[in-house]
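Have a look at the structure below, then the notes.
The values are calculated or read from the model by the stated rules, or taken from the named source; none is laboratory data. All values reported here derive from a predicted model rather than from experimental measurement. Please note: Cβ atoms are built from the backbone with ideal geometry, for glycine as well, and neighbour counts cover all protein chains shown.
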Amino acid sequence: MKPESVKLYLDLLKKTLSYSLWQEPPVPITLFNETRSLFKRAAVLMLSRALATRDLVVMKRRHLTDYQRSNGQIWPLYADTMIGMRRLDQLQSAVETVLAEGIEGDFIETGVWRGGACIFMRAALAAYGDEDRSVFVADSFAGLPEPDSRACPADRDSIFHRIPYLAVSREEVERNFAKYGLLDDRVIFLQGWFRDTLPTAPIGKLAILRLDGDMYGSTMDALENLYPKLSPGGFCIIDDFFLGPCRLAVEEYRLAHGIDEEIRIIDSCSAYWRKTVEE
Ligand SMILES: C[S@@+](CC[C@H](N)C(=O)[O-])C[C@H]1O[C@@H](n2cnc3c(N)ncnc32)[C@H](O)[C@@H]1O
C-alpha cells in the first residue's frame, strides 16, 4: 500500500472502531444498572419489564463532550473499543516505531473487551506488510474476576465483575475481527483468567505489551508474566494508569524490578514507557 493509503486506511479504522464518526446514541437504562443503588436498580428493572411486554425500551440520553470521547472516558454503546482516539493514535505510533526500528516481538493486549485495540494492531501489521508478527488476544471473555481481597487488598471494592457490559464472549470478538477481514492464524486467543493463561502462553518476545485489565490483580498478573518478555525498545502501555489499584500494581512492579524508564502520559487515563534495558 502507498504510505498515503496506509494513513487513510488506519485513520478510517480508528474512527470506525471507536465509533467516533457518529454521535454516541442514547443507551437503554438497564445497561449500566449494576452501578446503581439497590433501590434504583429495582425500580429500573420493574419499569423495564413492564414496558418490555409492549416492546418498549427506555433509553437514557448522555451528554458527552468530544474530550470525554477522544480520551476514552466513556463506556460506548456500539464502539468495538472503549479506548478512544488518543490512545488509538498512541497505539498506532507504537506499532509504527516498533516496525521502523525493528524491535523484535509480537503484540499483546491483556483485557480486550470487544477486541478493537487488537483488531487495530492486526490491521496496522497488515497495512505495513508485516508477515511475521502475531497479535495475542488475552481475556476471560467472561468479564472481570471477582476481587480477591486477601491476595489483592487494592481490589477489595471492585464491582466490575458484576457488570455484564464488560463481559464479551470470544465468539463475539472473533466475529468483530472477521467483520474487518482480519481474523487469521496470526491472531492468537488466550482464553481464561490471566493468572492461568499467561504463565504458559506460547509467547517468545513481545514488542508491544498493552495492559487493560483495570484491576490490581489483573495488572500484576500481566506484568509478572509478560514484562520479562518485552524486548528492549518495546512499549509497555498501561491503559488504566490513573485507576488507583492498577497504578499501585504498576508502581510496585516497577519498584521491585528497578524499572525507572520515564512514564509518558497518553491521556487522562493512560500512560506508557519504553523498555530500554534487558531485565
Ligand atoms: C476495560 S475492558 C478492556 C477494553 C479494551 N482494551 C478495549 O480496547 O476496549 C477490560 C477487559 O479485561 C478483561 N479482564 C480483566 N481482568 C482479567 C483477568 N484477570 N483475566 C482475564 N480477563 C480479564 C475483561 O474480561 C474485559 O474484557
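Remarks
- Output for the range 228-248, where each listed residue is in a helix (DSSP H, G or I), under 22 Å from L190 (Cα atoms) and within 17 Å of the chain's Cα centre (by Cα): C246
- Considering (1) at pLDDT 95 or above; (2) closer than 22 Å to V95 by Cα, the lone condition that E172 does not fulfil carries the number (2).
- Matching residues in the range 78-120 - criterion: being of a type in the set (G, A, S), touching a Phe, Trp or Tyr at 6+ places or on another chain (Cβ under 8 Å) and part of a helix (DSSP H, G or I): A94
- Test: residue in the range 64-73 that is small (G, A, S) and in a loop (DSSP other than H, G, I, E, B): yes
- When A124, A138, A94 are checked against the criterion of being crowded, with 19+ Cβ neighbours inside 10 Å, assigned by TED's automatic domain parsing to the domain that holds R264 and closer than 22 Å to G192 by Cβ, A138 stands alone in meeting it.
- Those residues of the range 91-121 which are among the polar types (S, T, N, Q) and over 22 Å from S218 (Cα atoms), in sequence order: Q92, S93, T97
- Test: residue in the range 97-107 that is more than 21 Å from A271 (Cβ to Cβ), within 11 Å of the ligand (Cβ to nearest atom) and assigned by TED's automatic domain parsing to the domain that holds I265: no
- Residues considered: D221, D214. Of these, the only one that is at positive phi and either of a type outside the set (S, T, N, Q) or under 14 Å from the mean Cα position of the chain (by Cα) (or both) is D214.
- Count - residues of the range 54-81 that are acidic (D, E) and surrounded by 15 or more Cβ atoms within 10 Å (Cβ to Cβ): 1
- Residues of the range 191-221 that are near the ligand (Cβ under 9 Å from one of its atoms), more than 24 Å from R150 (Cβ to Cβ) and in contact (Cβ under 8 Å) with a residue 60 or more places away in the chain: R210, D212.
- Counted residues, the range 127-158 - those being away from the ligand (no atom under 15 Å from the Cβ) and not small (G, A, S): 9
- Search result, residues across the range 1-35 that are assigned to a helix (DSSP H, G or I), among the aliphatic types (A, V, I, L, M) and under 21 Å from the mean Cα position of the chain (by Cα): L10, L12, L13, L17
- Any hit, the range 32-50, residues being surrounded by 13 or more Cβ atoms within 10 Å (Cβ to Cβ), closer than 15 Å to I163 by Cα and in contact with a Lys or Arg (Cβ under 8 Å, 6 or more places away or on another chain): yes
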